[in-house]
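Notes follow once the structure below has been shown.
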Amino acid sequence: MKIKNITLHIISMPLKKPFVTHLQTVEEREGIIVEVQDADGLIGLGEGVAFSTPWYTEETVKTSYHMLKDVLIPLMISSPFPHPKEIGKRFEAVRGNSMAKAALEMSIWDLYARQQNVPLWEIIGGTRHEILAGAVVGANSMTGMIEQAEVLVQEGYQRLKLKISPGADVGIVKELRDHFPSVSLLADANSAYTLDDKARLQTLDEFGLEMIEQPLGVDDLVEHSLLQKELSTPICLDESIVTPLDMKNAIYLNSCGVVNIKLGRVGGYTSALEIYRLCQENSIKVWCGGMIEFGVSRAHNLALATLEGFSIPGDISSSSKYWEEDIITSPIVVKNGVADRLAGQGIGVELNRKRLSEVTRYSETFNA
Ligand code: OSB
Ligand code: MG
């Protein structure tokens with residue numbers, strides 16, 4: 001693949017409503033948009049999903065930018081590559097920094113698909129026409145949560161995800177379950193618990209949760225395995241699964257029944273497709289996780305979630321859930337609990353240049 005130049009844009013946009021977790025309240029979302037251009041003028045798009053501060057993983061917008069500019073872009077253009085997979089492999093020589101790697105790697109996959117004149121979902125072997133969508137209820141006040149949930153259920157989302165932490169858990173789950181007896185519910189703890197909280201987590205078993213996401217430490221596959229033995233609710237790992245090796249270890253240890261796959265967290269498609277394969281071979285269910293991202297990353301999520309195994313609704317919501325105006329020309333739309341796969345070439349979305357320039361804080365172009 002011949003690359004002419006790469007442009008990075010640091011953008012920043014306020015959320016319609018603050019996104020509350022026990023770790024962080026996100027009110028303003030920073031991100032990095034990547035454009036990679038070939039000699040024919042075709043452009044592939046990627047998005048860096050690290051936050052302004054390292055609350056979800058160790059990366060930030062600034063560390064991602066540094067890695068992209070000083071390490072990953074130079075490494076990518078240092079020698080030719082025939083296929084995007086080579087870039088995923090090449091980046092394995094750099095430790096960590098998955099979100100920075102993914103931002104660039106996904107732009108190369110998008111460009112590759114556009115060069116072939118086909119949608120990216122086709123390149124990766126996707127088959128689903130409709131992508132199953134669920135949404136997150138922020139950890140606001142109890143009445144705020146019920147009101148948010150009412151709206152999301154009315155909009156047709158197929159499952160609701162609640163953010164929980166010690167003390168803000170059993171009461172919330174019970175209240176939501178009482179209000180919505182038949183709605184599919186999942187609880188995401190973002191590592192808020194330890195094994196000492198086992199009894200508390202076991203009390204959640206009675207509410208018929210679809211799964212409990214990342215209850216324990218990020219590095220803790222062993223204790224997740226011990227916990228899973230004593231919970232009837234399946235554990236879904238999020239933060240703990242960064243590499244295919246993490247996935248193998250989780251499988252050896254029976255640490256989970258489910259994994260949410262996020263392109264950013266795992267370093268891009270090469271890693272995501274390998275993790276997906278491991279899950280398929282070992283009967284681990286998968287769904288597509290979200291990062292409160294902009295339309296470029298959401299469009300990549302839609303491509304990934306066309307894979308047959310993505311049979312559980314993901315964190316797939318309309319652009320309008322978080323943004324007054326997204327940075328793509330046709331915003332992502334979820335209707336009746338599904339988003340249609342995007343028909344255009346590559347990820348099937350284009351940048352809304354006017355909106356992009358309104359939210360851009362800094363841009364830089366690197367020639368290959
Ligand atoms: O833990 O799944 C998470 C958003 C940002 C960082 C981490 C997480 C989330 C979500 C998904 O819960 C929110 C979304 O994109 O709709
Ligand atoms: Mg999570």
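The values are calculated or read from the model by the stated rules, or taken from the named source; none is laboratory data. Note that the structure is a prediction, hence the values are computed from the model and not measured. Note that each Cβ is placed from the backbone with ideal geometry, even for glycine, and that neighbours are counted across all protein chains shown.
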In segment 272-308, anything closer than 19 Å to Ala343 by Cα, of a type in the set (D, E, K, R) and within 16 Å of ligand 1 (Cβ to nearest atom) is listed as Arg298
Note: among Ile312, Ile292, Ile251, just one is out of contact with any helix residue (DSSP H, G or I) (no Cβ under 7 Å at 6 or more places or on another chain), β-branched (Val, Ile, Thr) and either away from ligand 2 (no atom under 16 Å from the Cβ) or not in a helix (DSSP H, G or I) (or both), namely Ile312
If we ask which residues in segment 228-251 are among the small types (Gly, Ala, Ser) and within 23 Å of Gly290 (Cα to Cα), their number turns out to be 2
Filter segment 229-245 for residues that are within 20 Å of the chain's Cα centre (by Cα) and among the acidic types (Asp, Glu); the one that is surrounded by the fewest Cβ atoms within 10 Å (Cβ to Cβ) is Glu239
The number of residues in segment 93-122 that are farther than 25 Å from Thr57 by Cβ, out of contact with any Lys or Arg (no Cβ under 7 Å at 6 or more places or on another chain) and of a type outside the set (Val, Ile, Thr) is 9
Of the listed residues (Ser232, Ser191), the one being over 25 Å from Glu27 (Cβ atoms) and in the same structural domain as Gly309 (by TED's automatic domain parsing) is Ser232
Conditions (1) within 19 Å of Pro313 (Cα to Cα); (2) within 16 Å of ligand 2 (Cβ to nearest atom) -> Ala139 fails only (1)
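Residue-by-condition table, conditions (1) away from ligand 2 (no atom under 15 Å from the Cβ); (2) under 15 Å from Tyr112 (Cβ atoms); (3) in contact (Cβ under 8 Å) with a residue 24 or more places away in the chain:
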site: Val26; (1), (2), (3): no, no, yes
site: Gly31; (1), (2), (3): yes, no, yes
site: Glu35; (1), (2), (3): yes, yes, yes
site: Leu42; (1), (2), (3): yes, yes, yes
site: Gly48; (1), (2), (3): yes, no, yes
site: Thr57; (1), (2), (3): no, no, yes
Quick count over segment 317-351, residues being within 16 Å of ligand 1 (Cβ to nearest atom) and on the phi > 0 side of the Ramachandran plot, is 1
Within segment 226-259, the residues that are closer than 21 Å to Asp197 by Cβ and not hydrophobic (A, V, I, L, M, F, W, C) are Gln228, Lys229, Glu230, Ser232, Thr233, Pro234, Asp238, Glu239, Ser240, Asn254, Ser255, Gly257
Among helices (runs of 4 or more DSSP H) entirely inside segment 96-167, those with 2 or more residues being surrounded by 24 or more Cβ atoms within 10 Å (Cβ to Cβ) and either modelled with pLDDT of 95 or more or in the same structural domain as Tyr276 (by TED's automatic domain parsing) (or both) are 98-116, 120-123
Asp220: passes all of (1) within 16 Å of ligand 2 (Cβ to nearest atom); (2) crowded, with 22+ Cβ neighbours inside 10 Å; (3) free of Cβ contacts under 8 Å to residues at least 40 places away in the same chain but (2)
| Do we have any residue at all in segment 296-305 that's among the aliphatic types (A, V, I, L, M), in contact with a Ser or Thr (Cβ under 7 Å, 6 or more places away or on another chain) and in contact (Cβ under 8 Å) with a residue 12 or more places away in the chain? | no
**Message:** It is to be established whether one or more residues within segment 250-260 are within 19 Å of Val136 (Cα to Cα), surrounded by 24 or more Cβ atoms within 10 Å (Cβ to Cβ) and not assigned by TED's automatic domain parsing to the domain that holds Ala102.
**Reply:** yes
Counting only residues in segment 294-320 that are among the charged types (D, E, K, R) and buried (at least 22 other Cβ atoms within 10 Å of the Cβ), the one farthest from Asn260 (Cα to Cα) is identified as Arg298
